[in-house]
Structure formats: C-alpha cells, structure tokens
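Each value in this text was obtained by applying a stated rule to the coordinates, not by laboratory testing. This is a predicted model, so every value here is computed, not measured. Ideal geometry is used to build each Cβ from the backbone, glycine not excepted, and the neighbour counts take in all protein chains shown.
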Amino acid sequence: MECLMTIGTWITGKIADYTVAPVGHKLGYIFHYKRNVGNLISETQDLNLEKRRIEDLVDVARRNGEEIHDHINDWLCKVGEITKQAEKLLGDENHTDIKWTFRGSFQNLVQRYRLGRKAEKMGESVVKIKGKVRFDSISYRPKLRSNFRNKDFINFDTRKEITKRIMEALEDGNVKMVGVFGMPGAGKTTLVKEIAKEALDKRLFNDAIVITVSQTPNLKNIQREVAEKLDLKLDKESIYERSLLLRNRLKGEEKFLIILDDVWNNELNLEDVGIVFESDDQKGIKILLTSRFERVLNDDMGVQKSFPIELLSEDEAWDLFGHNVGDSVKNPDFRQCGEEIVEECACLPIAIVTIAHALKNRALPFWRDALGQLQRSNLIIKDMHEKVYSRIKLCYDYLQSEEAKSLLLLCCLHGEDGIIQMEYLMRFGIGLDIFKGVRTLQEARDRVYSLVDDLKDRCLLLDGDESGTVKMHDVIRDVAISIAKERYMYCFSDSVEVEECKRRKTLEDARAITSNGYVSALICESFEYKQLEFIFIADTESDRISNNLFEKMKELRVLGFISQHMEVLPTSLCFLQNLRMLCIDGIKLDDVALIGELKNLEILDLAESPIKELPTQIGQLTCLRVLDLRECGELTVIHPNIISHLTRLEELYTDFKNWDKDIEVVNGEKRNASLLELKHLVRLTTLELRVPDIRMLSKDLFSETLERYKILIQVDDEKEVKEHIGVGLPAQISPSRYLAISKHRESIILHDYGLETLLRRSHVLYFSELQGVNNIVFELDKKGFQELKRLCLKGNDKMRYLINTMEHINCSAAFASLESLSLVSLTNLEKISHGQLKTETFKRLSIVKVSKCERLKNLLPLSNATQLEKIEIKDCQMMEEIVTHELNDDEEEEEDKIVDEFPHLCSLKLVNVTKLRKFCSKMKKTPSQNEEEPLIVDSTMPFFDGKFVSFPKLAKLKLSGCDFTKIWDDQFQLSSTSFRNLTKLVLQSCNLMKNLFSCAVAVSFEQLCSLDVCGCGMMEEIMTRNERIDKMSFPKLNFLALNNLPNLVSFSSGIFIEFPMLDRLYIQGCPAFETFISNTEQNLCTGTMPSLFNEKAAFPSLNKVVIQGMEKLKHVWSNDPRGTFTFQDLQVLNVNKCQSLKILFPTSVAKNLLRLQNLCIENCGIEQIVAKEEGQDQ
C-alpha cells in the first residue's frame, strides 16, 4: 500500500510539472501584463535611439560619397519593421481599457493574456535586434570608374579601322601590351581615350587609367597615379619598395587597362614602376602605350602589337578645317585658297586646327598671305615633321603683340603637361616688364587674361583642369621651346642638356632658364650671365644651393625656388639688386632676413613656407607691390611697423591670426603687428585677411581703393564657408570681393567697424549666426547689394523676409547681380520676397539652396524663377510650392499651352518637405490687400503638371520625404522637350505614391542613366502601362536600385521593356516583389509560376544583380528553351533572404552565363542551384 502511495505521489508530481508550471507561465502573461508592456516600451525607445544614431552616421557617410554596408541597411529595415509592429501593438485602443480584476469578463482575461504574451515576445525580438548592430563599420568608399568623355573625337573613317584593330588586340587574351605610334599632333591621345571609353562600355575592363609619361618619366608619379586608381596606399619612399607593393596589388587585379601616353624613350622601365606580367594566367591587366616613335614601342617597351595612327584623308582634313574655320569656306574664293592651305597642312589634325583658328573671321588677303608663308616655310625641329613645325611657327608669328609671344614662351618654360597658373604668368610678366602701358597689378592681371584668351582662340593654349589655369599641347610646346631657344630661353629637363649648352657656350647668353634641379650644373665660373633675367628651379632634393650662385647673375629680375632642399638663403642673394620677383614657396627656411637687402623687389611670394616670423628687414622693401604669406601655418610673429613701411604695397595675402596679440619672442619682448598698419598702405587694392575678433577693426580701416578682397571675420572653419558659398568663382576675380562674418549679434554695429563699404561692394557674402537682423537690405545696404553675386545667411531667428517691399520701397530692386543664394536655419523666415519686386531683382539668380527654414511656404514668384539652374530645398516642413504664379483678376489659365517654362533648370533636390504639393501653383492676387490667395489644389494632382510646366534641361531630380501622391500625370504625355535630358532620378521615403511614372511619361527619359527608388511604403509598381504602348526602352539606363519597398509587386506589367545599357540591378527589401514585368494573364492561361526575369524584359548588358529580402520570389528565371532572353554579361549574382526560392537557374539559362564570376547565396530556401528542365537529357 505504501508503495502504491509513493507511486501515486510521484505521478501527481509529474502531472504538476507538466501542467501547473506551464499554466503558471501562461498565467504570468496575465499577472505581468503591465510589466511586459512597459519593458516593450522601454526597449523600443532604446532601439529607436540606436536607430537615430545609425541614421546620423549613415547620413554623414553618404554626404562624404560613401556606400552603406548591406548589413546596416538590413538592420535599419528590420528596426523599421519591428518598430511598426510595436507601435501597432502599443497603440491598440483595447489594451488601455483592460484592468486587473477577476470580476471582469472572460474576454478581458483573454485580451490581457494575448497582449501580455505579444509584448513579451516582441520585447525579446527588440532586444535581439538591438544586440546585432555593429558600429565598427558603417560604410565604405566605393571604387569610382574613370569617365573618358571625349568631346574632341570625330569618328573619321581613317580612325574607325584602327579603332577596330586595337579593340581586337585588347580582346585577345594572349596580347598584354599594345602600342599606338604616330607623329606629334596626329591625335594619339584623343584616340586612346576614345578606345578606353569604348572598352569600358563593352565591359572589356572594369576600369582604366591614362597616365602621361612625357620625356623624363617620373616613376614616383606614375606609381602614385596607378595606386590611387587601385585604392592602394604606397607608404614607402623608395621607388623599389613602392614597385613591390604595386606589383603585389596588380597580381589580383582583373580587367584593368593602363594607358601610358607619350612615351619618349627607354627611361620608362615598367618593372621599376611595378607593372609586371608574372605569369601567363595574369590576363586581366592590359597596357596601351602611345609614342611618337615606333622604335620605342617595339624595341624599348616590347609591345606585342603596334599600330600606326595615320594622318587624315584629304576629305577628312578639309572637313576638319571647315568645322573649325567657320562659314568662310562656303565662299568660292576662300574655298580655293583654303584647299591649298589644307594641302600644306599635310593632313595633320593639330596643324589644321591651329591654322583654321588663326584664319577664322579673317579677310581673304590674310588667307593668301598665310598660304604664301606656308609655301615658303622651310623651318625644322629635331624629331618633328618639318611641316608641323612650320605651321605652328606661322601661328606664333601671326600673334598680334610681342606681349602675347612673350607670354607663350613663358608658358613653354613650364614642365611638359604642367599646369600653368595665370596668376604666376602675371607676376612673371611684371618682373620681366613685359606688359606695356599698365600701371597697376590688376591692369596686368587683366592683360594676362586677355592675352591668354587670344592664345586659346588660336589653339596655342588649352584650358587647364582648374579655373585660372592653362595647358599646352606637347607639339605646340615643342615648337615654342624651339622658338624660345632662338631667344636664348631654355627649359632643361636633364643635366645633359645643361652641359651641352655650356660646351657650346650658349648658356652664357641665356635670358631665361627653368629646370627641375641640376643647380650645380648651371654654375660655370667663367660665365658672366650678363643677359640672364629669369630663373626658376623646382623639385631639387639632392642639389645644394651654393653661396656664390648669384654673384654673376646681377641682371636677374625673376627668381623662383619651389620645394627646394634649402635651409639658408645663399649670401650671394644680396647681389641681385635688379631683382623684381622672388618666389620661395614651400622651402624650409628659418630666417629670411636677407631678403631685406633686395631694395628693388616688387613681388615677394613666401606662400606655404614654414617661417615662424616675418623679420623687421622686410620693412626695408619699400618698392614691394605684392606680399604673399598664404598658408604659412607656423607664422606667429609679424614685427610691428613692417607692414606700415611697405607703402607701395598693392596686394597683401595672409592667413595671419595674431594681429595685436602679444607673443613672447626670443629677446623676451611681446610685440606683434596691428591691423591699424593697413591704413598706411594707400595703394592697397587686393587684400586677403583673417580677423579673429571684429573689435580689432576700426571704422576707417578699409578704403574704397580695395578692388579685390577676401576677409574672414570671426570665422573658425573656412571649409564650412566654402560648403555653403561654393568654390566656383571665376579665377580672374578670385578672391573677388569676399566677406564672411560669423558669430555677431547686432547688425547695426557692423557699420561701426568700417564694414559698410565692404558690405555694399562685396561679390560674396557669408553671414553665420548674425542675430538681430530683420531686413537685411534696409539694415545692411539700402542700395540693395547691387554688386553681390553669392549670398549665404545661416542661423537667424528674427528675419521674416529677405526682401520686404511692403515696408521699404527701395528694397524692390535689390540683388540685381545675385547668382547664388543659400539660406540655412532661418527659423522665422516666411518668404524670400514680400511684396511686389522689380524685374531687376534676382534677374541673374541661378542657384538657390534652402534648408531648415521651417516657416517658409514657397520659394519665389514665377517672374523671378524662370532663370534658375539649380534648386535645393531641405527640411522645410511648411513648404507648399516651389514657385508661385500670380494671376490677375482678368487673367485666365490657358488650357492647351505650356505657360510656365523653366528652360535653364538642371538640378532639383527636395528633401523632407512633407507639405509640398506642387512645383508651380497659381495664385490669385487680392487687389485690396495685395496678398496672394491660393487656388484650390486637388491633392491628387501631380507635382509636375505637364500641361503647364516644362523642364527641357533638367538632368538631376531627387525627391526624398515628400508626401505628394504623383510626380507626373499618368495619362498625359510630356511635351517634346520636357525631361528629355533627365539623367538621374532618385526617389526616397515618399510614402503616398503607388507608382512612379507611366510609360507615356517614361518615353521622354531618353537620357536617364540612374534610377534609385527607396523606402516608399505604398509603392506597388514603378511604371504603369498605357494601353497604347506595348513596347519601350530605357536606352541609357545603367543603374537601377529598388530598396525597401514593402508593397512593390513589379517594375511594370503587360509591356515589353528593353534595358540595353543596364549593368547594375539591385532589388532589396521588396517582400511582395515576384516578377520584374508582370504577365498575369499569360501565367493564368499557361498555369506557370511567375519568375523575376521573363521574356518581357531584356538585359543584354547586365553585369551585377543583387536580390535580397524578396520573400515571395519563387523563380529568378523561368525556363527558356528557345534562348530568347540571355544574361551573357552577368558576372556577379548575390541572392539573400529569399526563403521561397527553391531553384536558382534552369539549365537553359545557366548555359548562357559564361562570364559569371561571383555567385553568393545566403539565407535562402534554395534546394538546387541548377535544375534540369522537363524533357531535357541529363
């Protein structure tokens, strides 16, 4: 009996374990309901804080041009989903009414149980998601592919065949090095750039780089350029060590084209650079070289195939001449003469273009004279075809002024392919007294720009890569160097040339010398250098400057040393009493006091020099006209009375910050220069200045004689100023008239600091945290800033209107010259303009950027907006329309005519403007109150009304965080020009849109290259079909991204679409997406399951496909027994989180994926990678 009781007790215990405990746990959902809900609220709040932190980091990364890692995007997507679920649960109206009581209904207990259980489970999910985030790597810098836009290339027949042959050689896996040779000016560089462009378009290479080698190869520069393109850090100094790093990196590189342009000789050793083919398997790297000499390519460089670039045919030469010389050739008399001139040009492109520009708009006698000189010319130059030299020499001879000739010869003294700064040309010209009849430096600067324009018109100079710079074509430079030698002006590239000149004793007669080093070779004890006026030496590392260097150069007028290894100035410098310009940029000198002995010096350039103090001896330079102390970061002392003694100074450039500040110096004194010394500079016309405290300024410090200035007052970070103002000012007015003021409280006091004149005359104004301003025009310049070109206002909580003509009539003609306007954090701004404006106001405005102006409802009236080129609006929550079109009582809307055209608008960016509904809305004016009364706007109306607005030049469109339902009218086909130039379209977080555009609208997107749609919660279809269109193409689209679109079902339906250029496709976070082009009727008839890719879409160039988070996707490809759709260029396929996907490739598709290199499958339900199709043999 006792045994039975024991067994019974054991059984009872087990029953309790399996019943009471679980029941107790489930009862816990009822008892701990509030705790579970509270935990969920707390964890959700913490998760949202983490989300905001990640989003801030993501925003910073994207502004820096970086790509976000997939795991971060995936985490944000998950956070969004779980947050929505939690908000839905916590927002349930029923749970607030559920009270803790056993007297309530059974239904009440059930609700508590369900909600308590959901809250606990969801809280666990939130904790799990929160624990997965990693902050160590948010983003990465994407690899940018080179862009070989080649506007100068004309695809003549003589170029088509050679292009084809070179392309075939590059495609040959056994050929690694290809060469192109031909005479100077034949078009080798232009051709290889076009080949690079075509090769990249055909996906032969992932990227390419063009490196100019020139006569004296700089191996370090070549290594650096290749390494930068490969994102390789070369942290070694020796060429050998750098070559090892580069060689190792190139081992793993695939499909990379290196173009080495203008190879002269065997001094370029590719093994020394690190470009080596170490095995036959390394077929991804190809080298394309150009040279003037076939021998160099075949014998020295060892190319496997070389191709000559021929001259143009006679017909092509005539077409090229006519294209450049203009309509004159249509006249029979001009034509006959022109044909003979073209014949004399020997079909060389550079000669034809140069001569054609010289003859353009000239009379017939000028043409006949030119022809006669061409026929009589017999001048030659070593290694150059005589006719090339004679034709370029003719253009030089026909320059109308000796100043232009001298300037061209100064340009040729720069290094080959060097960037020539026009500011230095001006300073050289002043030092050599080239410019006649100019009295001031600004007049000389204007003369330089005028002469340069003339030289560019004649194709003797080319535009530089940066504003304010020019370049020379190598053939033009060769001819110019030959001419310069006749004038005893030498540009030495090696010591051999120096020694040859010394042997022939021509160096003694030199008038100008430039050299990259070789200082010791230039010194000859027996030479007097009686004519030497110009010497410029750069980049010497090993040569030491001897003390007696300048003893026999007493006529020297211009002296320049750049980046020299020089610790002290040569004592012989004091012999140069005729010196007018001295430049010692970037030289580590502790003491420059010796410069004070150069009594006739007019230009002193110490920029980027690490000097710590400006010695008192500089005050002895009473003839000094330019003092350049920019970027002297270690300069802490300018002794008193130095600046005030430089009474002839016209231009002063300095970043010095210690004005009026006591600094302890060696002798124990604490003295520094005062800004008041500027008052003594009565000839000062140009000033760059930093003022750490506005209280340092006196009322009469700045005079009307200042023509150019850049003054930063209380500005800590100039980068922030450039971010809002921009850096694209034309160099001829740089620094223009540029005034930046930060952290100042009272506008009226600005006049007490002598800034009234500067404010009125400035071309660029930047105000940050300038408080107390209500009417900027009335308070700061009653004349309305007539000369202002760029304006940025940041951080003001008082200003309601930028212009208020209702209170101050004289404001109505303000900002007549303004080109760029930036408004940031003006929290009380309601309108940019209030009241009637004159036509002069904003008539030149082309760029408008507005951000964080929370009360601003619209931008500008139509009459002041049609000339805009770029609009950016961000975080303006009250913005309702961009442009208002005011209608008078007697003015009716036109039904069939586009009345609002924005012919210049190229870029439109709208971010977080949730109340925005229309681009241009029509307003009726109430005469009695002179106020606008908005017409009734239908919320379903599109943002762009195609019937009334047109954007023929719009290229970039970004819409983010906008709540309108449509961008374009689905049923209305755009005008023949509107949106035809759209190249980039980005749509983000526009949660009320169900589709992006109709096919009737899309036919206008002929130039669209990039389409990015992200985070649009209600988006169901990208493009809707118009019944009249059953086939279309996106001819230039190469990038398509569809991200985080939970309701997106397909790109389009019932239409065939071709994407001939699409090479990157991303579909991520689109759980409802099953098929790219939906074909529902056919699927129902045949009983087939939909696939992502089917016969309704063609992707002949697709290179990379990323598919992620497509929960309903069952097939990527359907069976294709007829081979109607192929992906022959596909190289990368990533598939992730597609649980319904069982089979990736049917056999008929897989057999065509011959170039597939990278296949990544993660978190999918795939059972087979390649599946045999029904009816196929194994």
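Distance between the C-alpha centres of region 795-869 and region 34-92: 38 Å, rounded to the whole angstrom. Listed by Cβ neighbour count within 10 Å, with the fewest neighbours leading, Leu312, Leu627 appear as Leu627, Leu312. Residues Ser482, Ser1091, ranked from the fewest to the most other C-beta atoms within 10 Å, line up as Ser482, Ser1091. Packing-based ranking of 1042-1053, 1157-1168 yields 1042-1053, 1157-1168, ordered from highest to lowest mean Cβ neighbour count within 10 Å. For the pair region 186-219 and region 417-466, the centres of their Cα atoms are 31 angstrom apart. Other residues with beta-carbon under 11 Å from the beta-carbon of Gln85 carry, at +1 per Lys or Arg and -1 per Asp or Glu, a net charge of +3.
Count Lys and Arg as plus one, Asp and Glu as minus one, and take only other residues whose Cβ is under 10 Å from that of Leu826; the net charge is then +2. Can you compute the label reach from Glu237? Point 7 Å from Cα along the Cβ direction, backbone N cut-off under 19 Å, restricted to region 576-601. Residues 586-589 fall inside that zone.
The alpha carbons of region 157-308 give a radius of gyration and a Dmax of 14.6, 47 Å, in that order.
Peptides 1016-1025, 329-338, 352-361 ranked from most to least packed give 352-361, 1016-1025, 329-338, packing being the mean of other C-beta atoms within 10 angstrom over each peptide's residues.
Overall, the anisotropy analysis places region 997-1066 in the oblate class: the square-rooted eigenvalues a ≥ b ≥ c of its C-alpha gyration tensor yield a/c not less than 1.5, with a/b not exceeding b/c.
Shown here: region 983-1178, whose C-alpha atoms stretch 48, 35, 33 Å along the first, second and third principal axes, sorted largest to smallest. In this structure, the pairs whose alpha-carbon distance is over 28 Å, taken from Lys130/Lys1104; Lys160/Lys1036; Lys128/Lys994, are Lys130/Lys1104; Lys128/Lys994. The separation of region 1000-1069 from region 669-699, counted between C-alpha centres, amounts to 61 Å.
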